[in-house]
Amino acid sequence: MPSVIRRASDLATLVADWRALSAKVGFVPTMGALHEGHASLVRAALEECNRVIVSIFVNPLQFDRPDDLERYPRVEKADIGYLADLGVHAVFVPAVAEIYPEGHVTRVVQSGLVDRLCGASRPGHFEGVLTVVLQLFNMVRPDRAYFGLKDYQQVAVIRRMVRDLHVPIEIRALPTLREKDGLAMSSRNALLEPRLRALAPRLRAAMIELDDAFAAGETSVARLTAELRAALAAIPDSRLDYAEIVDPDDLGPRAEARVGDLLAVALFLGPVRLIDNLRLGDERGP
């Protein structure tokens with residue numbers, strides 16, 4: 001079984017012992033409700049590092065709706081067992097007060113990348129993400145940290161923070177893992193009632209149709225996204241948050257699509273918000 005650690009001081013002692021052995025430390029930050037997508041990050045960390053820590057912390061600062069925070073799945077015992085089977089060395093499961101002690105008022109604020117896509121529709125979300133990630137980085141002090149590209153914008157803003165603040169950690173971003181029907185793996189998928197879960201693959205299917213239209217020669221972002229929005233609007237009980245084609249580096253809008261541009265979509269199915277993305281003209285997974 002991995003060491004289960006709840007206090008930052010105990011974590012610091014453990015990592016110091018590893019460092020004394022010249023171990024390379026990998027870190028996978030999560031909010032729990034783990035699935036194969038998380039497992040792919042853990043396996044990469046285990047392959048590339050001598051010791052691996054996974055954190056489980058549902059970060060209240062990054063939720064813009066109290067009901068969303070309340071509904072987020074929490075299955076700590078099952079998660080720890082899952083990580084034990086994968087072979088991680090330690091699991092950091094802090095309480096909120098350990099991350100944000102009484103009187104905590106400091107936040108990490110970024111501009112530019114955070115003002116678009118999820119940042120535009122969820123004010124304050126990335127301030128919460130960056131604050132908790134920097135907190136965890138400072139507590140774990142890993143050599144490498146592992147993230148999934150399903151959350152493409154999150155990876156982009158974390159990379160910018162690491163670069164801008166000279167944080168000595170390598171960010172590793174790995175491809176999105178999908179269910180057999182194409183739905184991007186996500187902890188939120190467990191919140192979809194069966195009827196909505198059956199509809200969810202239509203999100204990916206509509207995105208692939210747009211990419212097919214681009215491959216056939218259509219480059220007008222207005223026309224491409226209009227067709228996509230129409231396809232998504234036809235999904236029962238859905239509400240579109242955004243569907244945009246943007247520059248993959250600065251996430252700025254495009255008028256004409258280019259190979260490698262990012263198609264990013266956020267869609268509500270009932271109360272559950274799903275996000276997905278693909279790079280135009282790139283090889284697609286299942």
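The values are calculated or read from the model by the stated rules, or taken from the named source; none is laboratory data. If you're wondering where the values come from, they're calculated on a predicted model, not measured in any experiment. Backbone-built Cβ (ideal geometry, glycine too); neighbour counts: all protein chains shown.
A few comments on the model shown:
Quick grid of which residues meet (1) exposed (fewer than 13 other Cβ atoms within 10 Å of the Cβ); (2) of a type in the set (D, E, K, R):
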| site | (1), (2) |
| --- | --- |
| ASN59 | no, no |
| GLU70 | yes, yes |
| GLU76 | no, yes |
| VAL91 | no, no |
| LEU117 | no, no |
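- Qualifying residue in region 261-271 (condition: charged (D, E, K, R), assigned by TED's automatic domain parsing to the domain that holds LEU192 and farther than 28 Å from PRO73 by Cα): yes
- Listed by position, the strands (runs of 3 or more DSSP E) contained in region 1-95 that have at least 1 residues being farther than 30 Å from ALA120 by Cα and hydroxyl-bearing (Ser, Thr, Tyr) are 3-5.
- Considered as a group, the residues in region 211-241 that are closer than 30 Å to PRO194 by Cβ and in contact (Cβ under 8 Å) with a residue 60 or more places away in the chain include one that is surrounded by the most Cβ atoms within 10 Å (Cβ to Cβ), and that residue is ASP211.
- Filter result for the condition that a residue is in a strand (DSSP E or B) and within 22 Å of VAL246 (Cβ to Cβ), over ILE208, ILE171: ILE171
- Top-ranked residue in region 196-205 [being in contact (Cβ under 8 Å) with a residue 40 or more places away in the chain and out of contact with any Pro (no Cβ under 7 Å at 6 or more places or on another chain); ranked as surrounded by the fewest Cβ atoms within 10 Å (Cβ to Cβ)]: LEU196
- Check on GLU244, buried (at least 18 other Cβ atoms within 10 Å of the Cβ) and either among the aliphatic types (A, V, I, L, M) or modelled with pLDDT of 95 or more (or both): yes
- Long-range neighbours under 7 Å by Cβ, at least six apart or interchain, first residue within 22 Å of VAL91 (Cα to Cα) and in the same structural domain as LEU11 (by TED's automatic domain parsing) within region 124-138, second of a type in the set (Lys, Arg) and surrounded by fewer than 23 Cβ atoms within 10 Å (Cβ to Cβ): THR131/ARG107
- Which listed residue, of VAL129, VAL108, VAL133, VAL96, is touching a Pro at 6+ places or on another chain (Cβ under 7 Å), of a type in the set (Val, Ile, Thr) and under 19 Å from ILE169 (Cβ atoms): VAL133
- Residue list for region 255-276, filter: farther than 29 Å from LEU69 by Cα and buried (at least 19 other Cβ atoms within 10 Å of the Cβ): ALA257, ASP261
- Some residue of region 128-136 being of a type in the set (Val, Ile, Thr) and part of a loop (DSSP other than H, G, I, E, B): no
- Residue count for region 98-118 under the criterion of being in a helix (DSSP H, G or I) and farther than 30 Å from ARG43 by Cα: the result is 1.
- In region 61-81, the residues that are within 18 Å of GLU98 (Cβ to Cβ) and without any contact (Cβ under 8 Å) to a residue 40 or more places away in the chain form Cβ pairs under 9 Å with partners that are of a type in the set (A, V, I, L, M, F, W, C) and surrounded by 14 or more Cβ atoms within 10 Å (Cβ to Cβ), at six or more places apart or across chains, as follows: LEU69/VAL58; LEU69/PHE63.
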